Amino acid sequence: MTNEKLRRQNRVVLIILILLICCGLGIHQYFNYALRPVDSSANQVISVKIPQSATDHQVGVILKRKRLVRSSFVCDYYLQTHKESGVKAGTFKLKASYSTPQIVSLLQESRESH
């Protein structure tokens, strides 16, 4: 392999690495954004019913429809990766000022209704 081909190959590898790092940082920033409260000044209590045997995906969709999380995908991912006891079925009183981690913590408490 000639020096010119080797330099060209090194540049391509370097560009690919830079793109991967930028994509990773972008995804990380998006997840941090999506975990924040939808409306940090909201005081309205929103009643949410989580059915028996609801999957993490279904819970994420329910919370997104109620405008309590920014992304059902991020919520689903967070539920799967931060599972302590699993989401409990029942009716929960939540606010849009709660972050996704706060909501998940409330949904995993052992009480039936909040």
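Laboratory data are not the source of any read-out in this text; all were calculated from the coordinates shown. Given the structure is predicted, the values throughout are model-derived calculations rather than measurements. Cβ: placed from backbone, ideal geometry, glycine included. Neighbour counts: every protein chain shown.
Here are a few things to note about the model shown:
- Taking every lysine pair in the chain that is 8 or more places apart or spans two chains, those with Cα atoms closer than 16 Å amount to 9.
- Residues in segment 75-81 carry Karplus couplings, in order, of 4, 4, 4, 5, 4, 6, 8 Hz; the curve used is 6.51 cos²θ - 1.76 cosθ + 1.60 with θ = phi - 60°, and Gly or Pro positions show x.
- Close amide H contacts of residue 90 (hydrogens built in the peptide plane, cut-off under 5 Å, sequence separation of 5 or more or a different chain): 50.
- Cα-based helix-to-principal-axis angle, 3-35 vs the chain, degrees rounded to 10: 10 degrees
- In the list (i) 16.1; (ii) 15.2; (iii) 14.1, the label attached to Kirkwood radius over Cα pairs in Å as derived from the coordinates here is (i).
- Mean sequence separation of contacting Cα pairs (under 8 Å, at least six apart), scaled by the length of segment 45-107, corresponds to a relative contact order of 44 percent.
- Peptide ranges 38-51, 11-24, 71-84 listed from the most packed, as the mean C-beta count within 10 angstrom indicates: 71-84, 38-51, 11-24
- For the chain, the relative contact order works out to 30 percent when only alpha carbon pairs closer than 8 Å and six or more residues apart are counted.
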